[in-house]
Amino acid sequence: MAKVHVATTINGDAVEFLCEADETLLDVLRDELHLTGSKEGCGSGDCGACSVMLDGRLVCACLVLGAELGGRAVETIENMADGEVLHPLQRKFLEHAALQCGVCTPGILVAAKALLDKNPEPSETEVRYWLAGNLCRCTGYDKIVRAVLDAAGEMRGELTHAE
Amino acid sequence: MPNDVKTGSLAPDKKLKWVGTRPLRPDGVDKVTGRAKFGADFSLPGMLIGKVLRSPHPHARIKSIDTSKAEVLPGVKAVVTRDDFHDMESEFVPAGEMLVNYRDMVRNVMAREKVLYDGHAVAAVAATSNAVAKRALKLIEVDYEPLPHVIDVLEAMEPDAPLLHEDMITAGVEPAPDKPSNVAKVVEFAIGDVEAGFAQAEVIVERTFQTKPVHQAYIEPHACVASVSEDGQAELWCTTQGHYVVRGHCARLLGMDVSKIRVTASEIGGGFGGKTVVYLEPLALALSAKACRPVKMVMSRDEVFRASGPTSGAHMRIKVGATKDGRITAAEADLKYQAGAFQGSPVQPGAMCAFAPYDLENVKVVGYDVVTNRPKVAAYRAPGAPISEYAVECVIDELARKLGLDPIDFRLANAAKEGTRAAYGPKFGPIGLVETLQEAKAHPHYTAPLGPDQGRGVASGFWFNIGGETCAALNINEDGTAALMIGTPDIGGSRASLCMMAAEELGIDLDRIRPIIADTSSLGYTFLTGGSRVTFASGMATIDAAQDAVRQLCERAAKIWEIPSDAVEWEDGYAKPAGANAGDFEPMSLAEVAKVAGKTGGPIVGHAQINAQGAGPSFGTHIVDVEVDRETGRVTVVRYTVVQDAGKAVHPAYVEGQYQGGAVQGIGWALNEEYIYGEDGRLENPGFLDYRIPVASDVPMIDTVIVEVPNPRHPYGVRGVGETPIVPPMAAITNALADALGIRFTELPMSPPKVLEAIGEAAAGG
Amino acid sequence: MRYEAPETLDAAVALLAGADGETRLLAGGTDLLVQLRAEMIEPALVVDVKRIPELCAIAAEDGGFRIGAAVTGAELGEHAALKAAWPGVVEAAELIGSTQIQGRATLGGNLCNASPAADSVPALIAAGATASIAGPHGRRQAPVEEIVTGPGETSLAKGEIVVSFLLPARPPHSSDAYLRFIPRTEMDIAVVGVGISLTLDESGTCGAARVVLGAVAERVLLVPEAAEALIGTAVDEAALARLGEAASAACRPIDDKRGTKEYRIKVAAVLARRAAQIALERARRN
């Protein structure tokens, strides 16, 4: 079977690639484009470690076919910092020690950014439910939730400080 | 302020600049930008993809394996089976908290005579693509003779149970049984006279408990890339808690010299003990050697659940007696742990820990290590302890209530303290159980009002912690910065805490020290990240290496000043003339000494190679509030507080993280996590959909109190903290449910159907 | 496997009708990609329907709403008017999986995957939704309850595609609700699901109701006996008790890794009562 030719936009750059019809967006990102920041924890949409934005929607890259991407736009963790300036969420995750092993972190950051873009002032409960699709086995979620709430506050221009 | 640090009286007299603060971790930016390279993130030119064919049977004899069709499939470059691995003699080798046996290990990585569980590896292929490798697996013909299987631990102990190993004679029994069985070993720890102790008891509680196997469920699946050259030199990149251990295992399994295998640990996406053994690594090396090309292997989540180690499920009987004034007179436990397909369950540490929190005169614990047709268990966070201590802490709680005593007071009346002889042998040095109980009792959580259908429970927990063989090197760079090389993979922020200790000793700023996890050929043998040993043991090695560097720095300054080296002292990053020479010379900074090192004797490198002794045990006490939906059986954890002794919290934020993460893993173990097998002996829930680890919306904030009773054997008082937090939650939640419902649950997980059924039975007067 | 993404319904129908071997429609892909990866299915052709405008739109129609079969849960949740009219349908769709799944999962996919535990299906059936189906022989309309016939099986003929769902106009004092039980708070498949739609008259008496159970049989069940327990009552305690009994009586569940028979039967009654109370509160406000 001939491979599918796809022309798409990844992190703002025009990208072309060839993929098998059954290869996922995650396969394409990691294996074809060498963007390994999106992780595969399950391959079935249950862990969220491959969270990316597809046309402005938060999705699991493991549940999107590479072949679907023609004319679409994908944003990954690799595009979250603005040059050398970290996104407030990235910074707050470091300040709050909101990661231990760090393998779920890229997916959680992408998901958290999608939340704050949509809801700049989420409650703790809203953060927890929004991130329910992002499994973390190390932290118990406490510091993750605090970091997201703190970043939201800072992005709203409120004075906050890490504990 | 939910998170408190309570410093004990033995705090070091030295003023600390870095230790005890919360700086950013040195590997942090890589991990928030996606740059950090985990196990599956490595690639090499010409790399092949390796995949494993796994048994669909829980138990079957392998009559034949025909790989001929797979071998001729275009794109297939190598196939390996049992024929590619030499058999090994039975030999138990200590591996930290567990023992390994190479005869079993070679059979676990690739089935030999039989397959022993659903998911057992039978063959592996390396091909030019994932798709070709998958097609090749389908072309391998395995002729199985299915055999009866046994999944449950009690059934496996029945005389007529299907035998996994026809030659297994129970060890630890006198006289040795004349017939084989699935019981690999019986262990016993006893002090005093339990019969006499129970005779003195005025109240006795005896119950049986069951737990299910639960998986470490790290988010990153096992992964590696192996590259073996034509002359047999091997490079291996893998996600592991111990790359030196991986090197040793692979060398043994493949008959290679240790020097020929260089292992580099990738960033590791969680392990919790599950990445202390080898699965894919020897297969990838064998495939690469055969294909003469690099081979990458990554497990799917399904493979992780089916073929890598969960911890044991167990069946336990616990009996504890006490006098009316609350003194425990005797304690007894029978522990039957299932080991999976090969012997080596953590029943021994489970037996040792069972009553460790208590100062008891009469104790008897008997443990059974039982094989079943399940994946071989691997270490999981305080291996064995959460199981036995769960059962004991439930009985302790019930006994306290029967005696009309506050459960914390009852524990305090019987708590182990400095000088207590533990049932498993040693006398405790300074330990912090009493302090954690006192802090828990004083915590506002303990007396906060409860809502309707809510209950509160407490439980304590213990874990030994370990030290062990450890190296560190500290290169002082020519500009006064430093590179710290350590051999323990950083699983949760240890590079930060180790650099903090180095900065403290050198007296330079933290950001001037760059840490790396050295590969196995760059630094001496270092035991794995496990046993809560990294901040303790790699910390001691780091401190030693830094002090070695400081000695050299002082010598160089002495040389420049032409005074004896013992007349130079190191203070806040400066060499200063001391004693008779005090004030004679301008102090020299580390950077100034380093700059001229070439002229004063060459590079300055601090080294340490130690076998760290004196890991202080860590005790914790947890408080939990639950709320029960009486109509659906749903249990919600509404408030949680962890109090634990850290000795000294080097980086308190990462200590809190260990407490919080352990508590939430324990919540999962208590309420929803379990391996579910069908009648056919196949695992029914090998995925995160139905193996239900807690999600963010399942849990509340986890409050923490760090108690600091310094460990006298560590320069800063450090104890390991990573494992103890998973010990108390299951009992604490069970005890909270008893408080809420008046029902004593004796089986994990306490999933909604079980809770609703128990509520129904209680209502019916059952 | 071949991948096609036609831009018209006719082209999609022609592709499906003309294909040899196994074919699958790709909408959100949240079930399909999992099945592909697990090699549960090995289709020769996958037809992506997300480039067909008719499948991706929400529009007002006849006082109600027409929802494209490939509209995502997230889009449904963002449609204020739809959410106000059919809160039960929207909350059911929004319960399917995580936020990430919500960005992809669709009503059409949830229905045609034909799982008895599909969250949106009880709500759609309770709502009296009609599916509009395109096929080689033209269009047909069918009540949603007629589409799924058993686990993984539908009444759709070769080449047929569910294009959209019509949710009817709402009389005054009407509303709906969907509740499910899962062991965790998120990320699980329903152990029991209950969708209820009801209409009150001016006096507050229930004039019409539909009660639908998920995950308690081989397919989603419309339970008229349960609805009758509500109709003609003020949805009081006695009526709710009868509703619960009727819901339990209709269950014919299995024991599996997600729950036991007994558990499902008991919890169906609990959720039916709770869902009815939510629907009642909502209807009173309308």
Cα centroid separation, region A:66-107 to region A:1-17 (Å): 21 Å
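On full extension of the chain, what length is gained from B:Glu166 through B:Lys134, given 0.36 nm per residue of separation minus the C-alpha to C-alpha distance? Walk me through the intermediate numbers first.
Details: separation 32, 0.36 × 32 = 11.52 nm, distance 3.40 nm.
Net length gain for the segment: 8.1 nm.
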Mean ellipticity per residue at 222 nm, deg cm²/dmol - from DSSP H runs of n ≥ 4 across chain B, formula -39500 (n - 2.57): -8000 deg cm²/dmol
Per chain B, cysteines lacking a partner by the 4.7 Å Cβ criterion: B:Cys250, B:Cys292, B:Cys353, B:Cys394, B:Cys471, B:Cys499, B:Cys554
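Sort region B:73-186 into rounded, prolate or oblate with this rule: let a ≥ b ≥ c be the square roots of the eigenvalues of the Cα gyration tensor; rounded if a/c is under 1.5, and if a/c is not under 1.5, prolate when a/b is larger than b/c, oblate otherwise. Spell out each step's value before the answer.
Numbers: a/c = 2.94, a/b = 1.93, b/c = 1.53.
Here region B:73-186 falls in the prolate category.
Just tell me how shielded A:89-97 is by partners: mean number of partner chain Cβ atoms within 10 Å of each residue's Cβ, no decimals. It would help to have the intermediate numbers written out before the result.
Numbers: counts 1, 5, 4, 1, 3, 7, 5, 3, 15.
Mean shielding count: 5.
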Gain on full stretching of the segment that runs from B:Lys402 to B:Val596 - 0.36 nm per residue minus C-alpha separation: 62.5 nm
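Apply the a/c threshold of 1.5 to the C-alpha gyration tensor of region B:369-482 and tell me whether it is rounded, prolate or oblate. If you can, show how the numbers build up before the last one.
Details: a/c = 1.96, a/b = 1.53, b/c = 1.28.
Taking the square roots of the gyration eigenvalues as a ≥ b ≥ c, region B:369-482 is prolate.
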Karplus-derived HN-Hα couplings along region B:190-199 (A = 6.51, B = -1.76, C = 1.60, θ = phi - 60°), whole Hz, x at Gly and Pro: 8, 9, x, 9, 5, 4, 4, x, 5, 5
All-pairs Cα distance distribution in the protein assembly as shown, expressed in whole percent, bin size 20 Å: 11, 39, 37, 12, 1, 0
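Among bridges DSSP assigns within chain C, what percent are antiparallel (round to 5)?
On the way: 41 of 48 bridges.
Looking only at bridges with both residues in chain C, the antiparallel portion is about 85 percent.
Taking the Cβ-Cβ separation of B:Ser521 and B:Ala190 as r and a Förster radius of 56 Å, what is the calculated FRET efficiency to the nearest 0.05?
So the FRET efficiency works out to roughly 0.75.
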Helical contribution to [θ] at 222 nm, DSSP H n ≥ 4, -39,500 (n - 2.57), averaged over chain C, rounded to 500: -9500 deg cm²/dmol
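For region B:238-343, which semi-axes, largest first and in whole Å, follow from the square roots of 5 times the eigenvalues of its Cα gyration tensor?
Values: eigenvalues 355, 45, 36 Å².
Working from the Cα gyration tensor, I get semi-axes of 42, 15, 13 Å.
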Three-way shape label, region C:1-120, alpha-carbon gyration tensor, a/c 1.5: oblate
Where labels lie 7 Å past Cα in the beta-carbon direction, separation of A:Asn119 and B:Asp409 in nm: 4.5 nm
Sites B:Asp511 and B:Glu113 - FRET efficiency at Förster radius 56 Å, r taken between beta-carbons, to 0.05: 0.50
Test item: B:253-265 mean partner chain Cβ contacts at 10 Å: 0
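Relative to the present Cα-Cα distance, how much length would full extension add between C:Glu61 and C:Glu237 at 0.36 nm per residue of separation? Please list the in-between numbers first.
Details: separation 176, 0.36 × 176 = 63.36 nm, distance 3.66 nm.
Extending this stretch completely gives an extra 59.7 nm.
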In sequence order, calculated HN-Hα J values of region B:120-129 (Karplus, 6.51, -1.76, 1.60; Hz; x Gly/Pro): 4, 5, 10, 7, 9, 10, 10, 9, 6, 8
Cα Rg over Rh - chain B, Kirkwood: 0.99
With eigenvalues of the C-alpha gyration tensor scaled by 5 and rooted, region C:174-285, Å: 25, 14, 10
Summed side-chain charge close to B:Val366 - residues other than B:Val366 whose Cβ falls under 13 Å, Lys, Arg +1, Asp, Glu -1: +1
Label-point separation in nm, B:Ser43 to B:Asp325, each point 7 Å along Cα→Cβ: 7.4 nm
Built amide H within the under 5 Å cut-off of B:Ala171, gap 5+: B:Lys185, B:Val186
Theoretical FRET efficiency, 1/(1+(r/R0)^6), r = Cβ-Cβ of B:Glu230 and B:Glu91, R0 30 Å, to 0.05: 0.45
For A:63-73, mean number of other protein chain Cβ atoms within 10 Å: 5
Inter-site label distance for B:Asp83 and C:Ala169 at 7 Å from Cα along Cβ, in nm: 7.7 nm
Hits among lysines - C-alpha to C-alpha of B:Lys260 under 30 Å, sequence gap 8 or more where chains match: B:Lys37, B:Lys51, B:Lys77, B:Lys275, B:Lys290, B:Lys296, B:Lys376
Principal axis dimensions, largest first and in whole angstrom, of region C:102-240 by Cα: 48, 38, 28
Whole-Å semi-axes of the ellipsoid equivalent to region C:1-48 (Cα gyration tensor, √5λ, descending): 19, 12, 7
Residues in region B:655-694 that a label on B:Glu155 would reach, taking backbone N under 17 Å of a point 7 Å out along Cα→Cβ: B:675-685
Karplus 3J(HN,Hα) series, Hz, for region B:550-567 with 6.51 cos²θ - 1.76 cosθ + 1.60 (x for Gly, Pro): 4, 4, 5, 4, 5, 4, 5, 5, 4, 4, 5, 7, 6, 10, x, 5, 6, 9
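Bear in mind these aren't lab numbers, they're just calculated from the coordinates by the rules spelled out. What you are looking at is a predicted structure, and each value in this text was computed from that prediction instead of being measured. Note: ideal-geometry Cβ built from the backbone for every residue, glycine included; neighbour counts use all protein chains shown.
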